[in-house]
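Report on the structure given below.
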Amino acid sequence: MGDRRRSRRLAAGLVATGLAFGTAACGAGSDSAGGDPNTLEVWTRSNPDPAATYERVFAAFTKKTGIRIDYQPVINFDQQLQSRASTKDLPDVMINDTALMGSYQSQGLLKVVDPDSIAGHGQITAQSWSSTVGIDGRHYGIPYSRQAQTLMIRKDWLAKLGLKAPTTWQEMLSVAKAFATRDPDGDGKADTYGMVVPGSAQNGYAAWWGASFLWQGGAKIVEPDGKGTYRAAMDSAAAVDTVTWMKDNLFCGDNAVTQPGALTAVTSTATNFQDGNAGMYLTGPYNIATFDQTLGKDKYEVVPAPAGPAGGDVLADGENIYFGARTGKTKQEQALAAFLVSPEGQKLAMTGENQPVVRIPVNSTLDAATVRDDPRWSVVQKAYEDASQQFPNAPDFAPIKQDTADSLNAIFTYCGSDVRSQLGELNETLDGDLKDQDLLK
Amino acid sequence: MTATVTTPAARGGRVLTKKSVVPWLFLAPGLLLALVFKFWPMAKGVWLSFFDVRPFLGDKWTGLDNYTRVLTDHRFQDAIGHTLVLGIGQSLGAILLGFVLALLLEGQARSLKIVRTAVFLPAVTATAVVGELWRLMYYPTSDGLLNSGLHFLGLGPVQFLDNPGIALWSTMAMGIWIWAPYNMVIIMAGLAGVDRSLYEAAAMDGVSLWQRLRYVTLPAIRPALGIVLTLAAIRGLRVFTEVYVLTGGGPAGSTEVWMTRAYTLGFTRNDIGGASAASVVLLCVTLLLTVTVNHFRKRGDVR
């Protein structure tokens, strides 16, 4: 009898230990910053290189305020965020894409932000602040960094072929063809390409890259009607014309206008520009630091994107600072946000050896080109201020971007496809996405 | 959890004896880990598949909505088709190649051991690394390894991954390359158990190579083939990494499979309920397939 009781007790003990081990394993990592009110858990979507910049910024903040930062650079941000959301324990502060605000807000992941509660809020322009207004008219983020796409182009190749940087779609096409066929690198082989395209539908890249062309062609993906609702606009004549032009000239026309494998490429695999075998790349300015190192500053220049029939607008995006819902450290979070948008915080994030994490400062007292002493950044800042459009920030744009990317990728892949009917189908899908969010007009 | 510990006693109606407890004690850590890291998440996944999942706003019960949505979505239907083609092609190809490799490399010679190790390498390399490797081999210009070979033969560069008509087959070829050595090892273990005297008897009867394979080798390695087939079927349906790293489901969704679609649904579109429903359907199909394969295998064994 005694034996049995002992073994039962032993069993119970083992079970308890096992359970404790199990729970500890589950909780590990998520609660490391939860208990201490003077430590903030901060997430950014960053590779190791930009993460090094963030670490410098946070170190300066800790030195100044005594508030410690538990910093986590997360590459697969949204996947990790979903799993943290399911445990109802979010990071205190997150820095991530502007286009994700609607998505996070619709899931209830964000705290409402009162601009007045952030010290120095007046140094951020009203226009920047308006980009963090959610569907209910309240702010859900603090602007942190902005950028617009510009054209990176091989200066030495242009000079060798006696060409000028293109200013229209037609010129861009002829430059691309010249880069592909006239052997700009002089090695006697046909191994150069006109431009780099991250055209995969994965993560919505085709829509992200293609958006600038849509804006330049006068098309929109969704259109607000001014009463808080939207309607899909991808069946417009402008959209059909633009997508047809892209399909016929960039993907189904002469070979080598775009790099091989463009339709399965994402930004991390589309390295032809930095590898030196493609001549143009319409992309974000965060690449400038990378290209300076890999390609060399003297080899390429940064110019405004070539204009389409409706102008030269490019896609603008950037990062916002978000406060995780129900984290209970509002004062410390506000202090961090105030530091991040202050001239000191922004400058730290714009300079240094590593990739800058603030591209165009949201703090209106700073100028990107002056801070960096690099006139190329004024091209980016000018594009952002004068000729750019963002994805709408209020709706949950993730499904809309993904569906648009799927459709564009399919149209560009099948050269015989009927653009009008394909875009008509896309339009119905987008209306469905809006309807799911009760945002359809 | 205590219930698990006392189960044998309860079931047998016997008194709990030291003898019956001890095995469970030893099993307890493993069972606990399985419970916490396997069964609990699995149960949670099934549970979530009935909800519109919004952790911070409260989940909304939607019944079978997620299931009807997933099963009627034409992109999911396409993905199921691709999964079947890829799964069946990859499994059969890998088994066939594994069988051939096993026949070629069976034996004790030292050189064979080295070759076997070399051949087995793909199975122990991370799939993501293999994917990058094949991306380079499939590079669509004459700089790419495969295309430079074709160029040598005077054939034009093939768009292995960018042509929607070829991409799925390119993915399949990589899958076969990864899994054939794995199957080879299992089949080889089966071959080692074949009674040598049967081969000798067959040789005395003057059978052809094909007859020897058909009537001696294959029946003898039947159990090994059964295992290989079951594993391959499960793996074929769950295929994810190979596709994700090689094509990301593109171009134009031509390599989209069940799991990549579920992943997009869950993590790009934030539709965790729908992704859970898709995964549960996959679980059911996998279970069904495993049971069926096992059933036929057992029936075959009895016969």
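The values are calculated or read from the model by the stated rules, or taken from the named source; none is laboratory data. The structure displayed is predicted, hence computed values, not measured ones. Positions of Cβ are generated from backbone atoms using ideal geometry, with glycine treated the same way; all protein chains shown enter the neighbour counts.
Worth pointing out:
- Residues located in segment A:234-256, provided they are closer than 21 Å to A:Trp215 by Cα and in a loop (DSSP other than H, G, I, E, B): A:Met234, A:Asp235, A:Ser236
- Some residue of segment A:264-277 being touching a residue at least 12 places away in the same chain (Cβ under 8 Å) and away from chain B (no Cβ under 14 Å): yes
- In segment A:423-441, residue nearest to B:Gly253 (Cα to Cα) [restricted to those that are of a type in the set (S, T, N, Q) and at pLDDT below 95]: A:Thr429
- Residue in segment B:102-111 that is out of contact with any Phe, Trp or Tyr (no Cβ under 9 Å at 6 or more places or on another chain), over 21 Å from B:Leu225 (Cα atoms), touching a residue at least 60 places away in the same chain (Cβ under 8 Å) and of a type in the set (D, E, K, R) present: no
- For segment B:289-297, the count of residues that are over 16 Å from A:Asp403 (Cα atoms) and either within 12 Å of chain A (Cβ to nearest Cβ) or among the charged types (D, E, K, R) (or both) is at least one.
Let's see how each residue does on (1) more than 9 Å from every other protein chain (Cβ to nearest Cβ); (2) modelled with pLDDT of 90 or more; (3) over 32 Å from the mean Cα position of the chain (by Cα):
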| site | (1), (2), (3) |
| --- | --- |
| B:Thr7 | yes, no, yes |
| B:Leu16 | no, no, yes |
| B:Leu25 | no, yes, yes |
| B:Leu31 | no, yes, no |
| B:Ala34 | yes, yes, no |
| B:Ala43 | yes, yes, no |
| B:Leu48 | no, yes, no |
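Matching residues to (1) in contact with a Ser or Thr (Cβ under 6 Å, 6 or more places away or on another chain); (2) without any contact (Cβ under 8 Å) to a residue 40 or more places away in the chain; (3) more than 11 Å from chain B (Cβ to nearest Cβ):
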residue: A:Leu81; (1), (2), (3): no, yes, no
residue: A:Pro91; (1), (2), (3): no, no, yes
residue: A:Asp97; (1), (2), (3): no, no, yes
residue: A:Lys111; (1), (2), (3): no, no, no
residue: A:Asp116; (1), (2), (3): no, yes, yes
residue: A:Ala119; (1), (2), (3): no, no, yes
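- Scan segment A:122-137 for residues that are more than 22 Å from the chain's Cα centre (by Cα) and in contact (Cβ under 8 Å) with a residue 12 or more places away in the chain and the total you get is 1.
- Some residue of segment A:170-185 being under 18 Å from A:Asp298 (Cβ atoms) and either polar (S, T, N, Q) or surrounded by fewer than 16 Cβ atoms within 10 Å (Cβ to Cβ) (or both): no
- Verdict on A:Pro285 being closer than 30 Å to A:Thr62 by Cβ, touching a residue at least 60 places away in the same chain (Cβ under 8 Å), surrounded by 18 or more Cβ atoms within 10 Å (Cβ to Cβ) and assigned by TED's automatic domain parsing to the domain that holds A:Tyr205: yes
- Selection from segment A:221-233 of residues that are part of a loop (DSSP other than H, G, I, E, B) and either small (Gly, Ala, Ser) or surrounded by fewer than 19 Cβ atoms within 10 Å (Cβ to Cβ) (or both): A:Asp225, A:Gly226, A:Lys227, A:Gly228, A:Thr229, A:Ala233
- Condition met for A:Ala305 (in contact with a strand residue (DSSP E or B) (Cβ under 7 Å, 6 or more places away or on another chain), buried (at least 21 other Cβ atoms within 10 Å of the Cβ) and outside the structural domain of A:Ala159 (by TED's automatic domain parsing)): no
- Tallying residues that are in a loop (DSSP other than H, G, I, E, B) and either touching a Gly at 6+ places or on another chain (Cβ under 6 Å) or more than 14 Å from chain A (Cβ to nearest Cβ) (or both) within segment B:157-203 yields 4.
- For segment B:114-136, a residue qualifies if it is within 14 Å of chain A (Cβ to nearest Cβ) and surrounded by fewer than 18 Cβ atoms within 10 Å (Cβ to Cβ), and the qualifying residues are B:Ala128, B:Glu132, B:Leu133, B:Leu136.
- Filtering segment B:254-302 to residues that are part of a helix (DSSP H, G or I) and small (Gly, Ala, Ser) leaves B:Ala262, B:Gly266, B:Gly273, B:Gly274, B:Ala275, B:Ser276, B:Ala277, B:Ala278, B:Ser279, B:Gly300.
- Test: residue in segment B:270-279 that is within 16 Å of the chain's Cα centre (by Cα) and of a type outside the set (D, E, K, R): yes
One line per residue, one yes/no per condition, for (1) of a type in the set (D, E, K, R); (2) touching a residue at least 24 places away in the same chain (Cβ under 8 Å):
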site: B:Ser254; (1), (2): no, yes
site: B:Arg261; (1), (2): yes, yes
site: B:Arg269; (1), (2): yes, no
site: B:Ala278; (1), (2): no, yes
site: B:Val281; (1), (2): no, yes
site: B:Val293; (1), (2): no, yes
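- Within the set A:Asp36, A:Asp70, A:Asp31, the sole residue that is at pLDDT below 90, away from chain B (no Cβ under 14 Å) and within 23 Å of A:Phe339 (Cβ to Cβ) turns out to be A:Asp36.
- Of the strands (runs of 3 or more DSSP E) lying entirely inside segment A:89-208, the ones with 2 or more residues being modelled with pLDDT of 95 or more and closer than 19 Å to A:Gln334 by Cβ are found at A:93-97, A:142-148.
- All of (1) under 30 Å from B:Gly63 (Cα atoms); (2) modelled with pLDDT of 90 or more; (3) within 14 Å of chain A (Cβ to nearest Cβ); (4) surrounded by 19 or more Cβ atoms within 10 Å (Cβ to Cβ) hold for B:Val243 with one exception: (1).
- Evaluation of B:Val216 against (1) under 17 Å from B:Leu105 (Cα atoms); (2) touching a Phe, Trp or Tyr at 6+ places or on another chain (Cβ under 8 Å); (3) at pLDDT below 90 (one fails), failing number: (1)
- Wholly enclosed helices (runs of 4 or more DSSP H) of segment A:358-435 bearing at least 2 residues within 14 Å of chain B (Cβ to nearest Cβ) and of a type outside the set (Val, Ile, Thr): A:398-413
Quick grid of which residues meet (1) of a type outside the set (Ser, Thr, Tyr); (2) crowded, with 17+ Cβ neighbours inside 10 Å; (3) touching a Leu at 6+ places or on another chain (Cβ under 9 Å):
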site	(1), (2), (3)
A:Ile95	yes, yes, yes
A:Ser106	no, yes, yes
A:Val113	yes, yes, no
A:Gly120	yes, no, no
A:Thr125	no, no, no
A:Ser128	no, yes, no
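- For segment A:308-336, filtering for residues that are in contact with a strand residue (DSSP E or B) (Cβ under 8 Å, 6 or more places away or on another chain) and either surrounded by 18 or more Cβ atoms within 10 Å (Cβ to Cβ) or within 30 Å of A:Ala239 (Cα to Cα) (or both) leaves 18.
- When the criteria are applied in full, A:Tyr140 fails the requirement of being buried (at least 21 other Cβ atoms within 10 Å of the Cβ), within 21 Å of A:Val357 (Cα to Cα) and under 17 Å from the mean Cα position of the chain (by Cα).
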